[in-house]
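The values are calculated or read from the model by the stated rules, or taken from the named source; none is laboratory data. What you see is a predicted model; the values in this text were computed from it and never measured. All Cβ positions, glycine included, derive from the backbone under ideal geometry; neighbour counts span all protein chains shown. Side chains are part of the model used for accessible areas, which takes the heavy atoms of the whole protein and leaves out ligands, DNA and RNA. Shrake-Rupley method; radii C 1.70, N 1.55, O 1.52, S 1.80 Å.
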Amino acid sequence: MKRRRGTEPEPEPERGCLRAWAAHSRALVGQWMTARCGGEARQVRRQQRDEFRELLLSIRGLPAALPTLPLELTVLYNSLLFTVGASDSAIKGEAEGIRQGLLRVLEACGACGQDLGMEELWQKVLQEVTMEELQAPLHRLGALQAAWWLAASRLGSVAGLFQLMSTAEDPGRAHCSEGQNKLLSMIKAWQVPPEGASLPLVQSAKDLKEILCTAAAFLQGLQELEAGNFPTALSLLQEAAGGFCSKNILAQIYTCLGCCSLRMGKPQTALQHLKRALQVDFQCLPALSHVAAVYHELGETDAEMQALTLLYEALGKNPPAAASSSPYFLMQTELLVHTPVLTSLLRHHHPSEVKYLLAQRCLQDGRVADAVEHYLDFLSLLQEGLQQQVPLDGSSALPRIPVVFLEAASALEQAGRHQDAITVCEEVISRTTDLIPRVVRVEERLEQPECPLPGAGLAGGLLSQKESLCCLAWRAAGYLHQGWAWAKLGESKEAVTQFSRCLSDLLRVQLHGSGIKQIENLQAEVEVLQKIRLLSLIGRGTQFLELGRHKEALLDFQHSLQISPGDQAAASYLVQALWKLNRKQEAAAQWQKFSQGSPGEDGRQQQGQGRPLPLYLVSCLEQAMFPHSEPLARSIQDYLGAAAQDTS
């Protein structure tokens, strides 16, 4: 932009002031370089930020003038970098001072742009201000503006700004070849302006360009990963991994590469990336968490347990932050990339979550002794306050606390610690009793989706249909576990009492509408209640058999088959009850019926179509299995053989 003819140029400030300001700026930069090399960077950042702000205010105390603008824009550049470095947190909002700097450039050139937005203001300045001495400081300031826009995920604005700067240098450079990423092409096409010795910078524009390239590739890779475009995400993340960044960020990028590879169905490649992340930064604990998840998917239980154990130990040590392998910079990639998807992928597990995962995996794998130890450790952590252990945003891996208690009871039962299991279940029963209404009505109505906290369900207050069914299922499962525990202790009468309490609880549920299958919102809860009822009927029936109350046992087994037609255990116990009642002909007929009809086929089909059985019910399902199949079958076959001979 040329100054209009006929207007007098604005008076220059005294040369002495200009020289003093330039000298002060050089001194401040020199102090920073000395402090950075001496390892004192963190201590002087705020002091340097304040010094540069005061210097900038002194320069802006005079009207904008062309001779001082290169110095003013350079001081603004250094001041903004110290503002970023002193905050040591993610960049947010607009860059303070950039707009005023651009307006002062226009003012010195006899123009204005007060009514323009930032993108339009940059376009006006870069297209109309043509003085050679202003190009380098303006372009450096433009790179800083791009950093702020990248942090706000304004990728289009960043691409447009670099296209303007590249076009201003060379109209033919701002070109993106087919198949190339437009934003990265625009940043790479930008020619870094030379740095003058008279106006030094606290961070070179060349380094800033490299950081912008890395951040742009990383940010776009995360966006493509979230969108499900995995090949594109992989390419961009690999580009970022080859960029200019600290060990911390490089480990994060490799972690994201591992997650992307896993979602592409390549678990072994995912492991390679995740192990690389740990090699780069051994304190990148989210990578170790993902390693455990990959081993879980591969079914390598020993490796998964080892990873979880290492993770738990590392979380307990609470080590200091890893040092960066790159020189200390005020503007860094980690300040520019802070998206929800990255936060989710890099979420640090709390020790209680990892302890629970160890307990759960041990129980699932049949490592009962280890499971008991981990569950008891976890329950002791609860005494320290769960809310201090896990986040309250719904991202925790922990289930509802009553579920953990019931899983612990299941582990204790399998370990033969039946009395301890009874005590743990009593805790669930006592804390849910006051939460369950006399009648739980299950109706066909839409409910708002619920995301309860891990600790919810043990406090007072009005509950929704879903919460009422959950509480009812937990308490009924507590009685169910107590029934089996008393049975293992040989106390059949006490076992019958607990099974009966379980069944009495389940009578509280009243279904309204056209049937269970129509109540989609509560289908999972209703299925669990039905399974608990089935297991409780079988359990009570077995104890009636132990007590010689065969008729009552027969009724329970008949009711079991009404709930789950074709259930192998219920059918076998039914045959045994008939046999003990000396109704051998009926017993033989039932045995032949189930044998010829592929016993358990209906039950397996029903279970296969339904949802997975809660872990705390698996041990009850195993205990409900009929243990005397072969002896009963031989007795019936002998009976049928004898009957056939008599007929002959």
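Among the residues making up the stretch 240-268, a single one is among the polar types (S, T, N, Q) and not in a helix (DSSP H, G or I): 246.
Of the residues in the stretch 119-129, none is of a type in the set (S, T, N, Q), surrounded by 23 or more Cβ atoms within 10 Å (Cβ to Cβ) and within 47 Å of the chain's Cα centre (by Cα). Residue 520 - would you say it is in contact with a Lys or Arg (Cβ under 8 Å, 6 or more places away or on another chain), at pLDDT below 90 and within 25 Å of residue 475 (Cα to Cα)? So residue 520 fails the test.
Candidates in the stretch 84-118 are the residues that are at pLDDT 85 or above and among the acidic types (Asp, Glu); of these, the one that is surrounded by the fewest Cβ atoms within 10 Å (Cβ to Cβ) is 115. Note on the stretch 299-339: residues that are modelled with pLDDT of 90 or more, within 20 Å of the chain's Cα centre (by Cα) and either open to solvent by 40 Å² or more (accessible area, probe 1.4 Å) or polar (S, T, N, Q) (or both) amount to 3.
Selection within the stretch 175-209: residues that are part of a helix (DSSP H, G or I) and either in contact with a Lys or Arg (Cβ under 9 Å, 6 or more places away or on another chain) or modelled with pLDDT of 95 or more (or both). The member of this set that is nearest to residue 67 (Cα to Cα) is 205. Within the stretch 227-252, the set of residues being among the hydrophobic types (A, V, I, L, M, F, W, C), more than 15 Å from residue 266 (Cα to Cα) and in contact with a helix residue (DSSP H, G or I) (Cβ under 7 Å, 6 or more places away or on another chain) comprises 236, 237, 240, 241, 244, 245, 249, 250, 251. Being modelled with pLDDT under 90, open to solvent by less than 20 Å² (accessible area, probe 1.4 Å) and in contact with a Leu (Cβ under 8 Å, 6 or more places away or on another chain): is that true of residue 147 here? No: the conditions fail for residue 147. Of the numbered criteria (1) in the same structural domain as residue 314 (by the TED database); (2) open to solvent by 30 Å² or more (accessible area, probe 1.4 Å), the one residue 342 fails is (2).
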